1. Within 10 Å, count the other beta carbons around each residue, average over each peptide in 42-50, 16-24, and list them highest first.
2. Note the full-extension length gain between Val20 and Ala8 as 0.36 nm times their separation in residues minus their Cα-Cα distance, in nm to one decimal.
3. Once R0 is set to 25 Å, what does the formula 1/(1 + (r/R0)^6) return for the Cβ-Cβ distance between Ala63 and Asp33, expressed as a FRET efficiency to the nearest 0.05?
4. Once amide H atoms are built 1.01 Å from N in the peptide plane, which residues 5 or more positions from Val23, or in another chain, come under 5 Å H to H?
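Every number in this text was worked out from the coordinates using simple rules, so none of it is lab data. The structure displayed is predicted, hence computed values, not measured ones. Note that we place each Cβ from the backbone using ideal geometry, even for glycine, and neighbour counts take in every protein chain shown.
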Amino acid sequence: MTQQTPLANVVQAVRATPSVRRVIYTSSQLVCDVGHLPRHDTDYRPTTLCGQSKVTTERVVRAKTAGEQPGASSARRRSGDPG
């Protein structure tokens, strides 16, 4: 049996709670180097431990919500993103 991360446990708990209709997982611009313009939303270039942590968070959420309609049960957004 593999041990899950606390974030993976949160994603699993949200799925198991029917009264939760939507969760927004926030990230940070720290997933990219200052001045780097990513080509796509998984074009990461973290230069700090905080940025690396945020990349891990984004990857866990993406893996745990793969195949879901965007916005169906979760949404991902980086601070500083437009909209």
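1. Working: 42-50: 13.0, 16-24: 9.3.
Averaged packing, sorted descending, gives the order 42-50, 16-24.
2. Numbers: separation 12, 0.36 × 12 = 4.32 nm, distance 1.62 nm.
Between Val20 and Ala8, full extension yields 2.7 nm more.
3. On the way: r = 24 Å, r/R0 = 0.95.
Efficiency, from the Cβ-Cβ distance: 0.60.
4. Hits under the 5 Å cutoff: Ser74, Ala75.
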